[in-house]
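The values are calculated or read from the model by the stated rules, or taken from the named source; none is laboratory data. Predicted, not measured: the structure shown is a model, and the values here were computed from it. Quick reminder, even Gly has a Cβ in these numbers, built from the backbone with ideal geometry, and neighbours come from all protein chains shown. Each accessible area value is taken on the protein alone, full model and side chains, heavy atoms only, with ligands, DNA and RNA left out. Shrake-Rupley method; radii C 1.70, N 1.55, O 1.52, S 1.80 Å.
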Amino acid sequence: MLFKTISASVYGIDAYLVEVEVDVGSARMQDFNVVGLPDNAVKESRERIKSALRNCGFEFPYGQGVTINLAPADVRKEGSGFDLPRLAGCMGQFFGKPLDQCMFLGELSLDGDVRPVRGALSAALAARDKGLNAIAVPEANAREAAVVEGVSVFALKSLPQAVDLVNSPESFTPVKVDAGQMLTEAAQYNVDLRDVRGQQAAKRALEVSCAGGHNILFIGPPGAGKTMLAKRIPTILPPMSLEEAIETTRIHSVAGTLDDHRGLVGTRPYRSPHHTISDAGLIGGGAVPRPGEVSLGHNGVLFLDELPEFQRNVLEVMRQPLEDGRPCHNIPSC
């Protein structure tokens, strides 16, 4: 018997829909086959799914082969966020309603708890753009995903809740958030330029740089306050708009650096990578692209402390963006 669910995978900072097709009884006895270019984290979910079902009082379709296809099959899938949709398909006999209008995203623990995943905000945006009505995400990701208007967000804590959601969606209340209020609450800095005593010339240089969107080069002996001043640059930049906050949140969500309690990045980022960083670590990339320090500093400050100590090839990757003025987007970096 064939069951279908919808999930999402992240490529860069954008998410695309993945159709999870589960065919129970099509393979040989006891087989659990996953196709569609899954990575190791996706393949290993078989044991997590079996244990979660058993510990929550459900039965895995023992004695029947299971084949799972992740479509499109020509794009590599990675991450543990496919645990929940794959399990939903395996347990299709418990779901009396179609699952093609609700996206599922979440990692399962062995006892059936639903753990947070990366890229929930990007997945919610993809769900809305594709016309889906709802998205079910781990409770820790709910506030982040609920920032997206036009799609109902349901928070799940455990596998039994996922079963109840599909069988009785009217008993669940979508998570609602005030994005403007979230942004106000999140816009709190731990430091401030007003804390600096003296350094009038340096502070004036920071003000001019921030007003005009210029880069800054600090030169001075150790202990002069270069790093201290750099850390306080975000506090005198203009407050983040909601659009900037959502864009920044998407990047940090994919990178796994988002604070689950806030759900939205409300302060301008400050990134200060170590001088031993590689060029890929600085600008990002990889077989499955991941944000680098340049992306994580987007809409904020990238501070390269001890600039001469950085490898030449690392500095070379920064040359072209600095000459073109992109992707700095007129935000000061150091």
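Using a cut-off of 15 Å between beta-carbons, work out the net charge of the residues near ARG312 (Lys and Arg +1, Asp and Glu -1, ARG312 not included). Don't skip to the end; give the middle numbers.
Details: positive: ARG319; negative: ASP279, GLU306, GLU309, GLU316.
Summing Lys and Arg as +1 and Asp and Glu as -1 gives -3.
Quick one, can you get me the convex hull of the C-alpha atoms of segment 113-202 expressed as volume per residue in Å³? Could you put the intermediate results ahead of the total?
Numbers: hull volume 12.8 nm³, N = 90.
Taking only Cα atoms, segment 113-202 has a hull volume of 143 Å³ per residue.
Given H placed on each backbone N at 1.01 Å, which residues far from GLY285 in sequence or on other chains put an amide H within less than 5 Å of it?
ARG290, GLY292
Can you tell me the alpha carbon radius of gyration of segment 215-334 divided by the globular rule-of-thumb value 2.2 N^0.38 Å?
Here the answer is 1.06, to two decimals.
Sum -39500 (n - 2.57) across every DSSP H segment of at least 4 residues in the chain, then divide by the residue count to get the 222 nm mean residue ellipticity, nearest 500. Before the final figure, lay out the partial values.
On the way: 13 runs with 110 residues, N = 334.
Mean residue ellipticity at 222 nm (helix-derived): -9000 deg cm²/dmol.
Alpha carbons only, please: Rg and Dmax for segment 257-298, in angstrom.
11.8, 32
May I ask which residue of PHE154, ASN299, TYR270 lies farthest towards the positive end of the charge dipole of the chain, with charges of +1 (Lys, Arg) and -1 (Asp, Glu) on Cβ and the Cα centre as origin?
Selected residue: TYR270.
Looking only at segment 98-117, which residues have a backbone nitrogen under 18 Å from a spot 7 Å from the Cα of ASN55 in the C-beta direction?
Under 18 Å, as judged by backbone N against the label point of ASN55, lie 106-117 of segment 98-117.
For segment 225-270, how big is Rg over Rh, using alpha carbon atoms and the Kirkwood form of Rh?
Details: Rg = 11.8 Å, Rh = 11.5 Å.
Rg/Rh for segment 225-270 comes to 1.03.
At 7 Å along Cα-to-Cβ for each site, give me the label-to-label distance between GLU207 and SER168 in nm.
6.3
For the chain, find the longest principal axis of its Cα atoms and tell me its angle to the long axis of helix 45-55, 0 to 90°, nearest 10.
Between the helix axis and the principal axis of the chain, the angle is about 60 degrees.
Measure nothing but the geometry: give the 0 to 90° angle between the long axis through the Cα atoms of 120-129 and the longest principal axis through the Cα atoms of the chain, rounded to 10°.
70
Antiparallel versus total DSSP beta bridges in the chain: what percent is that, nearest 5? All intermediate terms of the calculation are to be shown ahead of the outcome.
On the way: 20 of 36 bridges.
So the antiparallel bridges in the chain amount to around 55 percent.
For the chain, with only Lys/Arg (+1) and Asp/Glu (-1) charged at the beta-carbon, what is the dipole magnitude about the Cα centre, in debye rounded to 20? Mind showing how you got there, number by number?
On the way: 33 positive and 40 negative charges, 97 e Å.
About 460 debye.
So for segment 79-237, Kirkwood radius off the Cα pairs, Stokes-Einstein at 25 °C and 0.890 mPa s: how many µm² s⁻¹?
Numbers: Rh = 18.9 Å.
Rounded to a whole number, D works out at 130 µm²/s.
Could you tell me the accessible area of MET228 in Å² (1.4 Å probe, neighbours in place), rounded to the nearest ten?
The accessible area of MET228 comes to roughly 70 Å².
If one computes P(r) from the Cα atoms of segment 159-216, what percent of pairs lie at distances over 15 Å?
Numbers: 1201 of 1653 pairs.
In whole percent, the long-distance tail amounts to 73.
All other residues with a Cβ under 11 Å from the Cβ of GLU78 taken together, and with Lys, Arg as +1 and Asp, Glu as -1, what is their net charge? Provide the component values of the computation, followed by the final result.
Values: positive: LYS43, ARG76, LYS77, ARG118, ARG290; negative: ASP39.
Here the charged neighbours net out to +4.
Provide, as a two-decimal number, the C-alpha radius of gyration of segment 199-248 over 2.2 N^0.38 Å, N being how many residues it has.
Numbers: Rg = 12.8 Å, N = 50, 2.2 N^0.38 = 9.7 Å.
Dividing the Cα radius of gyration by 2.2 N^0.38 Å gives 1.32.
Based on the Cα gyration tensor of the chain, what are the three equivalent ellipsoid semi-axes, each the root of five times an eigenvalue, rounded to whole Å and given largest first? List each step's numbers first, then the result.
On the way: eigenvalues 398, 93, 47 Å².
For the chain, the ellipsoid semi-axes come out as 45, 22, 15 Å.
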